[in-house]
Amino acid sequence: MTLSPRRPRRRRPAPLIGSLALATGAGLAAAPAHAATPTAAMATIVVAKDGSGTYTTVQAAVDAVPANNPSAVTISVKPGTYRETVRVPANKPHIRLVGTTSSKNDVTIVYNNASGTPKPGGGTYGTSGSATVAVEADDFQARNLQFVNDFNEGNTSITDKQAVALRTAGDRIVLDNIGAVGDQDTLLLDSASKDKAGRVYVNNAWIQGNVDFIFGRASAVLNKSAIRLVKRYDGSSGGYVAAPSTAAGKKGFLFINSNITGDVSSRSFYLGRPWHAGGDASLDPQAIVRNTDLSAAIKTTPWTDMSGFSWKDDRFGEYKNTGAGSGAASTDRPQLTDAQAADYEIADWLGGWQPSS
């Protein structure tokens, strides 16, 4: 596979998001003009396990947010482990879920549903339904906390072991200084439907898993993040980082300024494979990994096929990666040219949206 040449374009001035605020972790860019204007005294709801806040569970705080709230509501979560599932419905935008300390490890929202876990009313949860935290609303932000699915893959009574820690299905999602920890299908970055935008900006995150653990159809940037590879429940090494299911004409996953490593065997992990969800041949999965340090865990042929669909028919490539897992351009390892790379920057991916504080 080669990446088709594209006509070089005149470079525009570097936007704030690409060169200053989020890309450096120094802060957040100014709010875009279309964003809702917060009130002078932004609403804040405090969650604390010890009863010192407004609520003791995160879901109770989400439930307290009025439907169709026009401006930002902050749910401030004090340190602790919150064993619960949380759903932010589509009619509750502008929620900011924030841990009260600067460490993502001080607040943990955790549960252990898997795709094959039986539901109380019958049937099973399915992959998307297994999420510890499900965000279906637009303009959601999460900071300074971690999302965990601690389902035990060694559970032999459950065969469908996909277990999502965090699922997003809205547009203009910010995940800053967060953790997403699991095994198979850890982080589902999705959209409400394949014809709708699902832009996600992930910054300074810790994302851990083994099989397709960053997946979905969102147009997602993963910047300055630590992607951690872990072994399977039986101690074996092997897996796939990304499984994009991008709709045709949309952007998929852009990994940039990050590192991918883990305590796994050398040359045992693929960077990704194309997920044609439901066998949908109209999809055009995309994953680009650029300016990222790759450990020796990454295979020398880093992309592979999935469910009868060839990765060479979709959009996979690299640019100026480093580390023992990087490699030169070949038919099995397509690389962007410098001219192409100019169109694969953070601002290009987010389509005019600048994440705001």
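Figures for the structure shown
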{"item": "Test: residue in the stretch 336-348 that is in contact with a strand residue (DSSP E or B) (Cβ under 7 Å, 6 or more places away or on another chain) and closer than 20 Å to residue 172 by Cα", "result": "yes"}
{"item": "Subset of the stretch 313-347 (residues that are surrounded by 15 or more Cβ atoms within 10 Å (Cβ to Cβ) and in a helix (DSSP H, G or I))", "result": "340, 341, 346, 347"}
{"item": "Selection count where residues are farther than 15 Å from residue 139 by Cα and among the small types (Gly, Ala, Ser), scope the stretch 73-91", "result": "2"}
{"item": "Complete set of residues in the stretch 284-307 that are within 22 Å of residue 251 (Cα to Cα), assigned to a loop (DSSP other than H, G, I, E, B) and either without any contact (Cβ under 8 Å) to a residue 12 or more places away in the chain or touching an Asp or Glu at 6+ places or on another chain (Cβ under 8 Å) (or both)", "result": "284, 285, 302"}
{"item": "Residues (over 22 Å from residue 240 (Cα atoms) and either free of Cβ contacts under 8 Å to residues at least 40 places away in the same chain or touching a strand residue (DSSP E or B) at 6+ places or on another chain (Cβ under 6 Å) (or both)) located in the stretch 189-210", "result": "193, 196, 198, 199"}
{"item": "So residue 253, is it at pLDDT 95 or above, within 20 Å of residue 199 (Cα to Cα) and either of a type in the set (A, V, I, L, M, F, W, C) or surrounded by fewer than 21 Cβ atoms within 10 Å (Cβ to Cβ) (or both)", "result": "yes"}
{"item": "Residue match in the stretch 220-233 (condition: surrounded by fewer than 17 Cβ atoms within 10 Å (Cβ to Cβ), at pLDDT below 95 and over 19 Å from residue 336 (Cβ atoms))", "result": "yes"}
{"item": "Residue within the stretch 201-212 that is of a type outside the set (S, T, N, Q), surrounded by fewer than 21 Cβ atoms within 10 Å (Cβ to Cβ) and not in a strand (DSSP E or B) present", "result": "no"}
{"item": "Flag for residue 178 being of a type in the set (Val, Ile, Thr), within 19 Å of residue 355 (Cα to Cα), crowded, with 24+ Cβ neighbours inside 10 Å and modelled with pLDDT of 95 or more", "result": "yes"}
{"item": "Output for the stretch 230-251, where each listed residue is within 15 Å of the chain's Cα centre (by Cα) and of a type outside the set (Phe, Trp, Tyr)", "result": "241, 242, 243, 244, 245, 246, 251"}
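The values are calculated or read from the model by the stated rules, or taken from the named source; none is laboratory data. All values derive from a computational prediction rather than experimental measurement. Note: ideal-geometry Cβ built from the backbone for every residue, glycine included; neighbour counts use all protein chains shown.
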